[in-house]
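A.B. asks: First the structure, then my questions, so here it is.
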Amino acid sequence: MIVTLSREADVDSVKGELAGLGLWVGSVERSRSGDIHLVVGQASTHVDPSLVERVAGVSSVSAPASSHPRVDAHGPRLDIGGIAISPASPVVVSGPCAVESEEQIFRIAGKLAEVGVKLLRGGAYKPRTSPYAFQGHGRSALAWLRAAADRSGMKVVTEVLSEADVEPVAEHADVLQIGSRNMQAFSLLKAVGRAKKPVLLKRSMAATVEEWLLAGEYLLSHGAAGVVFCERGVRGFDPSTRNLLDLGAVALLSHVYRLPVLVDPSHATGRRELVMPLARAALAAGAAGVMVEVHDDPAKAKSDGPQALAPESLAELMAHMSQKGGAR
Ligand code: PEP
Ligand code: MN
């Protein structure tokens with residue numbers, strides 16, 4: 001809420017009155033014409049702006065209708081170095097769960113490029129439930145990923161796990177990924193926003209759509225060049241699939257909020273035989289594309305083997321995408 005004061009107002013007394021209403025003043029700004037504006041935040045209880053208007057010394061109040069104005073203004077498209085992400089031209093982001101070696105990522109990137117994939121994913125820093133599981137090769141993997149993508153003319157999407165890694169990841173990647181487990185790691189969101197790059201924001205496995213949009217607002221308000229939302233399934237009650245793919249949320253983001261949204265059927269199901277049918281369902285729901293994990297020897301994968309498709313099998317997905325309007 002922005003509160004503008006009248007010329008004769010006493011700032012401290014207005015602040016005191018606002019505090020009494022449960023509001024706090026984040027900053028005091030003076031316009032060139034001499035007007036004083038208070039940037040006001042509110043505690044968890046909503047305060048009616050008309051109560052603020054009645055405070056002595058207040059001349060006007062502007063309260064944004066939405067808590068995520070930058071997300072609302074984002075639009076349905078995001079450009080990544082000349083590749084448009086939009087439901088009108090759906091994309092495939094693909095690659096292994098983790099970058100396991102230089103040879104592996106070069107081999108897989110080559111196979112993906114052959115079937116027309118333009119956006120290469122792969123984890124250099126892996127968020128693993130167990131501290132004993134493979135954690136990724138870190139910086140070395142970033143360099144391998146970049147080189148493999150460059151050789152095949154692809155763009156790089158990779159996850160940032162910590163604030164300390166934002167700089168090297170931003171140096172090597174075209175799109176910074178925020179993983180499900182970090183969707184509400186607010187300091188990380190701010191640091192990633194400050195890198196001023198496009199961000200792929202995965203939905204937390206237990207986040208409401210509003211929380212997801214507000215995480216996007218964090219990124220955009222700190223400078224992100226754009227956000228593509230990625231639905232990867234929320235926690236369900238049934239272990240038959242790894243997660244519960246929320247296609248309703250995909251349709252909501254695409255058709256109502258008019259935002260670019262991808263679907264990750266790999267993490268949503270944890271089962272390779274379900275990836276293709278759900279990729280098709282994602283496009284029908286309005287997704288701007290899919291993120292699909294591949295591996296050329298899934299039995300030996302260091303993470304997420306059971307959900308990995310063979311890189312060659314993406315040709316079928318690419319063909320489906322081109323029928324939908326995109327050929328990428
Ligand atoms: C990933 O895409 O590599 C990943 C770890 O996914 P999520 O954050 O959705 O679990
Ligand atoms: Mn994975």
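Since every read-out is calculated from the coordinates, none of them should be taken as a lab result. None of the values given here were measured: they were computed from a predicted structure. Positions of Cβ are generated from backbone atoms using ideal geometry, with glycine treated the same way; all protein chains shown enter the neighbour counts.
A.B. asks: Filtering region 205-230 down to residues that are outside any helix (DSSP H, G or I) and out of contact with any strand residue (DSSP E or B) (no Cβ under 8 Å at 6 or more places or on another chain), which residue is farthest from ligand 1 (Cβ to nearest atom)?
C.D. replies: Selected residue: Gly223.
A.B. asks: In contact with a helix residue (DSSP H, G or I) (Cβ under 7 Å, 6 or more places away or on another chain) and part of a strand (DSSP E or B), is that true of Leu112?
C.D. replies: So Leu112 fails the test.
A.B. asks: So which of Glu17, Glu29 ends up being touching a residue at least 24 places away in the same chain (Cβ under 8 Å), more than 30 Å from Asp304 (Cα to Cα) and among the charged types (D, E, K, R)?
C.D. replies: None of the others qualify; the one that does is Glu17.
A.B. asks: Something else: So which residues in region 1-50 are outside any strand (DSSP E or B) and of a type in the set (S, T, N, Q)?
C.D. replies: Residues satisfying the conditions are Ser6, Ser13, Ser31, Ser33, Ser44, Thr45, Ser50.
A.B. asks: Does any residue in region 139-155 that is surrounded by 15 or more Cβ atoms within 10 Å (Cβ to Cβ) come within less than 7 Å, Cβ to Cβ, of a residue that is of a type in the set (D, E, K, R) and not in a loop (DSSP other than H, G, I, E, B) six or more places away or on a different chain, and which pairs are these?
C.D. replies: Trp144/Glu102; Ala149/Lys155
A.B. asks: Let me ask something else. Could you tell me whether any residue of region 120-133 is out of contact with any Ser or Thr (no Cβ under 8 Å at 6 or more places or on another chain), within 16 Å of ligand 1 (Cβ to nearest atom) and of a type in the set (Ser, Thr, Tyr)?
C.D. replies: Checking region 120-133: at least one residue is out of contact with any Ser or Thr (no Cβ under 8 Å at 6 or more places or on another chain), within 16 Å of ligand 1 (Cβ to nearest atom) and of a type in the set (Ser, Thr, Tyr).
A.B. asks: Is at least one residue of region 119-137 over 16 Å from the mean Cα position of the chain (by Cα), of a type in the set (Ser, Thr, Tyr) and surrounded by 20 or more Cβ atoms within 10 Å (Cβ to Cβ)?
C.D. replies: So far as region 119-137 goes, yes, one or more of its residues are over 16 Å from the mean Cα position of the chain (by Cα), of a type in the set (Ser, Thr, Tyr) and surrounded by 20 or more Cβ atoms within 10 Å (Cβ to Cβ).
A.B. asks: Please find, within region 71-103, the residue that is nearest to ligand 2 (Cβ to nearest atom) out of those that are within 18 Å of Arg146 (Cβ to Cβ) and without any contact (Cβ under 8 Å) to a residue 60 or more places away in the chain.
C.D. replies: Val99
A.B. asks: Another question, then. Which condition from (1) at positive phi; (2) more than 16 Å from ligand 1 (Cβ to nearest atom); (3) crowded, with 19+ Cβ neighbours inside 10 Å is the one that Gly289 breaks?
C.D. replies: (2)
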